[in-house]
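Heads up: the structure comes next, in structure tokens.
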Amino acid sequence: MKTAQLSIALALFGNVATAQETPYVTFHSSEPDTLIYAFHGKPWVLLHVVPPESLPTGRPLGLDDPIGRVAPHTLAPSDAVMGQITRSRAAYDSGDFGSAAEIAAQALSADSTNPFALEAYARALFRIDHRRPESREVYLRLVRSLDHQIDLADTAVAIDMHFPEAYSKLGALYLDAAEYDKAAFELTRAAVAGIRRAPREFLETQLAYLTEAYTELGLSDVARWFAGGTLFLNPENQYVLPYLQRLGRGSEGELACTAGEDSLPGEGPYTLAVRYRDGESTLECLAPPADADGTIGPCLRIGTIFVGQAEEDVVKALGRPWRAVRTQEGRDAFAHLLFNDFGTGAGAYFVVQYEEIDDQRIAHSVQLTGQRPPLPHSCSCLELGSTAQDVRRQLGPPTTIESMQIPLLDTAGQYWTYTPYPISFEVVDGRVYSIRVWRSDDLPAVRRKPSLFWRETGLR
């Protein structure tokens, strides 16, 4: 999932937070970023954040970099009111939402504008079905009060780092009301507020809901981006799959393949294609000039995963490994689940095996197995589910075809090889079930950083 490239534009009040001053940091994107699409290019202000003294204004900042500490809220309640809020939260955590709402209402009677009391009351009402509409009004009161802590004059988006759940709940209420623009805005605030501090599941929920919002708004590419981010965080997320079915798979952008006419192979960046000369077939690597090295090495890729890719970049693209596995040769490899549809039983996963060069682990082989994923991951214009005829048109006839058993499917299939080229396929019922590429002995073991991948996927 591509991460935003951020820059600190302004930091006021230094490291001091008093009852009269709200510390904050203003951010703007140095390039268009889908995560904050709902902000429509406005900068965003993280309230109650004290940046580190050593961080200069304008320095590029990744989302995983520290931005400072979240300071205590300047509108903290009195001890008596805080005691009531604490009791309301305890009742909420035990599932007694009625008592949680009643206790929070008592806190509000003592301090009617306190944001912590408002949130305690709103979240309890949210969980009581017949009072859920009331929670929307309370959340609106809360969020409006948060927005007015500093005067932004509608030139930037305020995000109070103490209240990611409030933005999330208000966004969900807007979804229920089919107010998708407003939902996307609040869910984006929730995602930004929670991206460093909230549990992984919280961010997953925001991205899944944003998938729904942008699907309903007709912004297909944006919706697919959020669906991809959701599956990156949790490949077994079921919420986004129906939306991906509605959206269609989309294209791979600059990495997309152009289909060949008649019996000709397709062409695209980092693509192997058959060429016939003097009755003999060879595979040619169609790599951009900046990456071509006279070998097929630059074309040994499946989706955004390629032979020679550093392990850290594989993890950036696919997330943490699903599990460690052993290859047929008895070597260690790592499986990365792409998706798992509980309803149909369909799923797909990568298996990546590494080798070490210069104290760095790079991909030695890359394999993709299963059913066609809801988002494209092609290899030389071929995907899981492509027909055997598609493979022959793209790469020519295989060198060997052997019968094999597919344990996961409990069925027989075929193993196609293209010796001496390091690419193979498992074919079941006439369709591709698995694709594998690897570094053959005649190719140098080098870390590869294809230029188009860096621009298209945002890998750094």
(message) What is the angle, in °, between the Cα long axis of helix 220-233 and the longest principal axis of the Cα atoms in the chain? Nearest 10 is fine, range 0 to 90.
(response) 90 degrees
(request) May I ask for the distance between the Cα centers of the stretch 204-253 and the stretch 384-460, given as a whole number of Å? (result) 27 Å
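Which three semi-axes in whole Å describe the equivalent ellipsoid of the chain, each the square root of 5 times a Cα gyration tensor eigenvalue, listed largest first?
Values: eigenvalues 494, 118, 71 Å².
Semi-axes, largest first: 50, 24, 19 Å.
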(request) Determine the distance separating the Cα centre of the stretch 88-133 from the Cα centre of the stretch 344-368; give it in Å without decimals. (result) 48 Å
(message) I need to check one value: relative contact order of the chain, counting alpha carbon pairs closer than 8 Å and at least 6 residues apart, in percent.
(response) 10 percent
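Ranking Ser386, Ser88, Ser251 by Cβ neighbours within 10 Å, fewest first, what do you get? Mind dumping the intermediate values first?
On the way: Ser386 20, Ser88 28, Ser251 13.
Neighbour counts put them in this order, fewest first: Ser251, Ser386, Ser88.
Taking only C-alpha pairs under 8 Å that are 6+ residues apart, what is the relative contact order of the stretch 170-311 in percent?
On the way: 162 pairs, mean separation 16.5, N = 142.
Reported as a whole number, the value is 12 percent.
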(message) Just want the ordering: Met404, Met82, from fewest to most Cβ atoms lying within 10 Å of their own Cβ.
(response) Met404, Met82
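Report, in deg cm²/dmol and to the nearest 500, the calculated mean residue ellipticity at 222 nm for the chain, where each DSSP H run with n ≥ 4 adds -39500 (n - 2.57) and the sum is divided by the residue count. All intermediate terms of the calculation are to be shown ahead of the outcome.
Working: 12 runs with 146 residues, N = 460.
About -10000 deg cm²/dmol.
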(message) Can you classify the stretch 250-388 as rounded, prolate or oblate using the Cα gyration tensor, where a ≥ b ≥ c are the square roots of its eigenvalues, rounded means a/c under 1.5, and otherwise it's prolate if a/b beats b/c and oblate if not?
(response) oblate
(request) Working from Cα positions, state the angle (0 to 90°, nearest 10) between the long axis of helix 97-110 and the longest principal axis of the chain. (result) 50 degrees
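Arg392 to Val446: FRET efficiency via 1/(1 + (r/R0)^6), r the Cβ-Cβ distance, R0 41 Å, to the nearest 0.05?
Values: r = 31 Å, r/R0 = 0.76.
Plugging the Cβ-Cβ distance into 1/(1 + (r/R0)^6) gives 0.85.
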(request) Please name whichever of Gly345, Ser386, Ala273 sits farthest to the positive end of the charge dipole of the chain, dipole taken about the Cα centre and charges placed at Cβ: Lys and Arg +1, Asp and Glu -1. (result) Gly345
(request) With only alpha-carbon atoms counted, please give the Rg and Dmax of the stretch 388-460, in Å. (result) 15.5, 42
(request) Give the calculated FRET efficiency between Lys182 and Ser109 to the nearest 0.05, with a Förster radius of 41 Å applied to their Cβ-Cβ distance. (result) 0.90
(message) What distance in nm separates the two pseudo spin-label positions at Glu254 and Asp359, each 7 Å out from Cα along the beta-carbon direction?
(response) 3.2 nm
(request) Return a whole-number percent for the relative contact order of the stretch 329-460, with Cα pairs under 8 Å and 6 or more residues apart as the contact set. (result) 18 percent
(request) Using Cβ-Cβ distances only, list the Cys residues of the chain with no partner cysteine under 4.7 Å, sorted by number. (result) Cys379
(request) Return the Cα extents of the stretch 82-144 along principal axes one, two and three, sorted largest first, each rounded to a whole Å. (result) 29, 26, 15
(message) Let me spell out the model: positive unit charges on the Cβ of Lys and Arg, negative unit charges on the Cβ of Asp and Glu, origin at the Cα centre of the chain. What dipole size does that give, in debye rounded to 20?
(response) 420 debye
(request) Let me know the shape class of the stretch 311-450, please: from the alpha-carbon gyration tensor, a ≥ b ≥ c as square roots of the eigenvalues, rounded when a/c is under 1.5, otherwise prolate if a/b is greater than b/c, or oblate. (result) oblate
(message) How much of the pair distance distribution for the stretch 238-329 lies past 18 Å, counting alpha-carbon pairs only, in percent?
(response) 64 percent
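Could you calculate the contour length gain from Glu21 to Thr155, that is, 0.36 nm times the residue separation minus the distance between their Cα atoms, to one decimal place in nm?
Length gained, Glu21 through Thr155: 46.3 nm.
Kindly put Leu233, Leu217, Leu264 in sequence by how many other C-beta atoms sit within 10 Å of each C-beta, fewest to most. The partial results should precede the final answer.
On the way: Leu233 19, Leu217 15, Leu264 12.
With the fewest neighbours first, Leu233, Leu217, Leu264 line up as Leu264, Leu217, Leu233.
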(request) Please work out the FRET efficiency for the pair Asp332 and Arg277, using the Cβ-Cβ distance as r and a Förster radius of 60 Å; give the result to the nearest 0.05. (result) 0.90
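Computed from the coordinates by the stated procedures, all read-outs in this text should not be read as laboratory data. Please read these numbers as outputs of a predicted model, since none were measured by experiment. Reconstructed Cβ throughout: ideal geometry from the backbone, glycine too, with neighbour counts over all protein chains shown.
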